[in-house]
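The values are calculated or read from the model by the stated rules, or taken from the named source; none is laboratory data. Predicted model only: the values in this text are computed from it and were never measured. As a convention, Cβ positions derive from the backbone with ideal geometry for all residues, glycine included, and neighbour counts pool all protein chains shown.
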Amino acid sequence: MLAVAVLAAGKGTRMKSELPKVLQPIAGATLVERVLSSCEALEPERRLLIVGHQAERVEHSLAAHSGLEFVLQQPQRGTGHAVQQLLEPLAGFQGDLLVLNGDVPLLRPQTIAELVERHRASGSAVTLLSARLADPTGYGRVFADGAGNVSGIIEHRDCTDAQRDNTLTNAGIYIFNWPKLAAVLPQLRADNDQGELYLTDTVALLRPAMHLEVADPDEINGINDRLQLAQCEAVLQQRLRQHWMREGVTFVDPASCTLSDRTVFGRDVLVEPGCHFRGANQIGDGCHIGPGSLLENAHLGRNVEVLYSVVREARVADDCAIGPFAQLRPGADLAADCRVGNFVEIKKSRIGAGSKVNHLSYIGDAELGEQVNVGAGTITANYDGVAKHRTVIGSGSKTGANSVLVAPIELGANVTVAAGSTLTKDVPAGSLALGRARQLVKQNWQPRQDAADAAATPPAAAPEPR
Ligand code: UD1
Ligand code: CA
């Protein structure tokens, strides 16, 4: 039997933020979500989250995660006090308790699995994760013998100078035999520099106590301030890029691109410099993204090209080309073989296969058939100041440059709209629609003589500076 407790009640004073620390975003998820997902594969029987500082906000942020038990720690008197709050909800529980710090987001699921396995094989009362850090400043130090037996943990601020030379660092990740931990939790005393109850002090009270040293010290990076947040973000980004490069994605300049872990790439995708993928993107085989593009919850088919463009909550089918400098907004849905060119914005619109919107257009709340050619500067005037209205353009239709389609309006198939038209009424299939003033030409026309004289008079000389 396994229970997992995540410590997430602290304020995170050093972040200097309105946001509780565990809700700080990192690679597209909150710290606490990332910690929770690192132990998902273990399928624990119980998952408890210790909340305190802005507890409702933390609970609310995790509303979509089912099966979490929230345990309130009020006030927050240290990590040992946090775990003391479990004495009641875990009364009678006979299994192991895995404790995860809510601010240690880089742990790999395999590492946690190995910790659990090692603990069970050795029959220890507690097994904790440790690492050798080049700079362990701020972390607790683990005192252990060569066989991995831990005698105790001393916090950085409580260490003597000599003790600080020990670089074996406490990750803040432990697995305890719960009945044994429950027996010693009431013995904790706040006799330390912070005047808090330290979970780390239970280790000296439990026998046998063991540690497992992780090979990659990055895994135990804790986040206490914005510098560490940025460092951890960099590690996660690097991991994501390396993963996708191994899966067949080319990054021309990997460090210039950021990913989210819900972005999925097909094979032979080429990502040029300066591209950012947020949320749950799906990028099909052979796509060519960038340079300079932002994709958020975008769904791209195969061989789509996106150049210097923004695609958000939009779908783009196979072989489309987007950009440069286009924006596909939520609800844009392009069938195969479409072209969307520079300074075009498309929102909540379906664009049929083979259609082209190549220059300077706004298409909103519209339904375009197949092989439609939208002329440069065509605008769907979808908003009358109160409500949004739909524009329908039938297959094979062409709009002339600078036409305005005032919605609600429907153009049938194979309609031609003359350049410069403002259309307010439906147009039946196969028609030419003109909606503009007729051109007037006055032959042999001269400007009036007095206006011509005024234009010819040189401007008065500027006064000399005094
Ligand atoms: C802790 C460890 C330290 C370890 C480090 C690893 C203790 C005493 N020290 O130090 O040995 O090297 O983590 O990152 O445990 N929290 C609560 N309630 C509280 C206090 C904290 O839930 O009353 C939560 C925080 O929200 C945070 C976690 O516990 O997620 C760790 O707390 P923090 O104050 O950051 O501990 P550190 O000083 O980093
Ligand atoms: Ca910490």
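Please verify whether T457 is out of contact with any Leu (no Cβ under 7 Å at 6 or more places or on another chain), of a type outside the set (A, V, I, L, M, F, W, C) and surrounded by fewer than 13 Cβ atoms within 10 Å (Cβ to Cβ), treating the condition exactly as stated.
Taking the combined requirement at face value, the residue satisfies it.
In the list H53, H81, which residue meets the criterion of being touching a Pro at 6+ places or on another chain (Cβ under 7 Å) and under 14 Å from G10 (Cα atoms)? Please lay out each step first, then the result.
On the way: H81 fails: touching a Pro at 6+ places or on another chain (Cβ under 7 Å).
Selected residue: H53, the only one of H53, H81 that is touching a Pro at 6+ places or on another chain (Cβ under 7 Å) and under 14 Å from G10 (Cα atoms).
I'd like the residue in segment 284-304 that is surrounded by fewer than 21 Cβ atoms within 10 Å (Cβ to Cβ) and in a strand (DSSP E or B) and, out of all such residues, is farthest from the chain's Cα centre (by Cα).
H288
Please go through segment 104-143 and give me each residue that is within 16 Å of ligand 1 (Cβ to nearest atom), touching a strand residue (DSSP E or B) at 6+ places or on another chain (Cβ under 9 Å), within 29 Å of T160 (Cα to Cα) and polar (S, T, N, Q), ordered by number.
Correct list: T127, S130.
Limited to segment 177-204, what total is found for residues that are more than 19 Å from F93 (Cβ to Cβ) and buried (at least 16 other Cβ atoms within 10 Å of the Cβ)?
Of all residues in segment 177-204, those more than 19 Å from F93 (Cβ to Cβ) come to 187-198, 200-201, 203-204.
The next check asks that each one be buried (at least 16 other Cβ atoms within 10 Å of the Cβ); those that pass are 188, 192, 196-198, 200-201, 203.
Qualifying residue count, segment 177-204: 8.
Just checking, does segment 43-50 include any residue being near ligand 1 (Cβ under 10 Å from one of its atoms) and under 17 Å from G10 (Cα atoms)?
The first filter runs over segment 43-50 and keeps only residues near ligand 1 (Cβ under 10 Å from one of its atoms), leaving 49-50.
This time we only want the ones that are under 17 Å from G10 (Cα atoms), so: 49-50.
There is at least one residue in segment 43-50 that is near ligand 1 (Cβ under 10 Å from one of its atoms) and under 17 Å from G10 (Cα atoms).
For segment 322-373, what are the residues that are of a type in the set (D, E), assigned to a strand (DSSP E or B) and over 20 Å from L294 (Cα atoms)?
Filtering segment 322-373 for residues of a type in the set (D, E) gives 333, 337, 345, 365, 367, 370.
Adding the requirement that they be assigned to a strand (DSSP E or B) leaves 333, 345, 367.
Residue satisfying the conditions is E367 alone.
For segment 90-113, how many residues meet the condition of being surrounded by 15 or more Cβ atoms within 10 Å (Cβ to Cβ) and either part of a loop (DSSP other than H, G, I, E, B) or among the acidic types (D, E) (or both)?
Let us first name the residues in segment 90-113 that are surrounded by 15 or more Cβ atoms within 10 Å (Cβ to Cβ), namely 90, 93, 95-107, 111-112.
In the following step, the residues that additionally are either part of a loop (DSSP other than H, G, I, E, B) or among the acidic types (D, E) (or both) were identified as 90, 93, 95-96, 102-107.
Residues in segment 90-113 being surrounded by 15 or more Cβ atoms within 10 Å (Cβ to Cβ) and either part of a loop (DSSP other than H, G, I, E, B) or among the acidic types (D, E) (or both): 10 in total.
Given the residues R164, R132, which is the only one that is touching a residue at least 40 places away in the same chain (Cβ under 8 Å), more than 16 Å from ligand 2 (Cβ to nearest atom) and under 40 Å from the mean Cα position of the chain (by Cα)? Step through it out loud before you land on a result.
Working: R164 fails: touching a residue at least 40 places away in the same chain (Cβ under 8 Å).
Criteria check complete, one pass: R132.
If you go through segment 11-37, how many residues are modelled with pLDDT of 95 or more, closer than 27 Å to E117 by Cβ and of a type in the set (S, T, N, Q)?
Residues in segment 11-37 being modelled with pLDDT of 95 or more, closer than 27 Å to E117 by Cβ and of a type in the set (S, T, N, Q): 0 in total.
If I ask for residues that are over 30 Å from E117 (Cα atoms), free of Cβ contacts under 8 Å to residues at least 60 places away in the same chain and surrounded by fewer than 18 Cβ atoms within 10 Å (Cβ to Cβ), which ones from segment 205-250 would you list?
The answer is L227, A230, M245, G248, T250.
Which of the helices (runs of 4 or more DSSP H) found entirely inside segment 1-87 contain at least 1 residues meeting this: over 21 Å from T200 (Cα atoms) and within 15 Å of ligand 2 (Cβ to nearest atom)?
In segment 1-87, the matching helices (runs of 4 or more DSSP H) lie at 31-38.
Hey, among R57, R120, R34, R77, which residue is under 27 Å from R226 (Cβ atoms) and surrounded by fewer than 18 Cβ atoms within 10 Å (Cβ to Cβ)?
Just a single option satisfies the conditions, and that option is R57.
Identify the single condition in (1) within 33 Å of the chain's Cα centre (by Cα); (2) surrounded by fewer than 18 Cβ atoms within 10 Å (Cβ to Cβ) that A326 does not satisfy, given that it satisfies every other one.
The single condition A326 does not satisfy is (2).
Would you check which residues across segment 412-427 are within 13 Å of N373 (Cα to Cα), of a type outside the set (V, I, T) and free of Cβ contacts under 8 Å to residues at least 24 places away in the same chain and list them?
In the first step, residues of segment 412-427 are kept if they are within 13 Å of N373 (Cα to Cα); the result is 413-419.
Now restrict to residues that are of a type outside the set (V, I, T): 413-414, 418-419.
Scanning segment 412-427 gives N414, A418.
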